[in-house]
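Written out below as structure tokens is the structure these notes cover.
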Amino acid sequence: MNRRIFTAIVSVLFFSNGLYAQGFSSFKVEGSLTQTLLKNRTKSASIIETIVDASADIKSLPVKYKLLSGCVISEETPLNNDYTKVKHVTVNKKDGSSKDWSIIVHQLVPGKLPLQIVFSKTNPCDLDFTNPKPWAGYGIDYSKPTVVRMGNDGIGFFAAYDGVAKEASFEFTVVGGAVFNGEFDVETSIDGKKWKNLKTYKEGDVTGTEILTLSLPSEARYIRWIYALRDKQNVNLNNIYIK
């Protein structure tokens, strides 16, 4: 990532907002691969999202969280440690107001090669998933389930695979068919924690929809796509093929 550091973007864009809204002020998952994305929306619903690897016990996941002063989780939506599926909880305040939260923990487990990830109406990229799986979103727009929709900088999409792969191809779309005017990073990792830049797509590198192919380091087992710098453009990712 050239002009921004991924974890720093997340901290600035998402976590700081949590100090001023109703609900969670922090949420930490032991052994997570990413910082927690904690996004308080201006309306009724908010999102917590993070990623863990195959070693995590997703049915009994150690989690530490704090609520803002005067907040309590509704008895109708109790919070336990089974994160096989997305949790939807309601946080109440003494004044009678409430806010709904979606707590998303992705368990990223390497998929068998060749690995193909294609989203469509019959295979949506949404929150109706069961862990584990070979992909994980991070701040993406799940209301556009036929693609991986990226509408902010600092968000990303992760995939994991189980052996030596030579290349990764993917469909990259600038929504509206325009010339891309931001920065979009593709990075690889051995362990899902330390990342190396593979390719940065900059202004003018992509127009409309293009199929892009990159050679992969033999030692890599993880790949992620990060919208590093956005200038009023939404982009889509889909039709990922790793072989």
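The values are calculated or read from the model by the stated rules, or taken from the named source; none is laboratory data. Worth saying up front: this structure is predicted, and the values here are computed from it rather than measured. Quick note on the areas: whole protein, heavy atoms, side chains included, nothing else; ligands and nucleic acids left out. Shrake-Rupley method; radii C 1.70, N 1.55, O 1.52, S 1.80 Å.
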* How large is log10 I(q)/I(0) at q = 0.11 Å⁻¹ when the Debye formula is applied to the Cα atoms of segment 95-193, each weighted equally and without solvent? -> -0.41
* Asked: Can you list the aspartates and glutamates whose alpha carbon sits under 18 Å from that of LYS87, skipping same-chain ones fewer than 8 residues off?
  -> GLU30, GLU49, ASP57, GLU75, GLU76, ASP100, ASP126, ASP128, ASP141
* Have a look at ASP185, ASP162, ASP231 and tell me which one the Gaussian network model of the chain (Cα, springs below 10 Å) gives the largest fluctuation. => ASP231
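Under the 0.36 nm per residue contour assumption, what length would be gained going from the current alpha-carbon distance of LEU212 and ASP128 to full extension?
Full extension of this stretch gives 27.4 nm more.
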* To do: Kindly sort TRP225, TRP135, TRP195 by accessible area of their heavy atoms, largest first, with the probe set to 1.4 Å.
  => TRP195, TRP135, TRP225
* How long are the semi-axes of the ellipsoid equivalent to the chain, from square roots of 5 times the Cα gyration tensor eigenvalues, in whole Å, largest first? -> 31, 21, 16
* Under the Karplus relation 6.51 cos²θ - 1.76 cosθ + 1.60, θ = phi - 60°, what is the ordered set of whole-Hz ³J(HN,Hα) values for segment 170-176, x standing for Gly and Pro? -> 7, 8, 10, 10, 8, 4, x
* Accessible area per residue in Å² at 1.4 Å probe, computed on segment 175-243 -> 47 Å²
* To do: Work out, in µm²/s and without decimals, the Stokes-Einstein translational diffusion coefficient of segment 122-243 at 20 °C, 1.002 mPa s, Rh from Kirkwood over C-alpha pairs.
  => 146 µm²/s
* Using θ = phi - 60° and the Karplus curve 6.51 cos²θ - 1.76 cosθ + 1.60, what whole-Hz ³J(HN,Hα) does each residue of segment 229-243 get, with Gly and Pro shown as x? -> 8, 10, 10, 6, 10, 8, 10, 10, 10, 6, 6, 7, 9, 10, 9
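Keeping the other protein chains in place, figure out the carbon and sulfur percent of the accessible area of the chain, with a 1.4 Å probe.
Roughly 48 percent, rounded to a whole number.
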* How big, in percent, is the set of alpha carbon pairs in segment 44-90 lying more than 12 Å apart? -> 72 percent
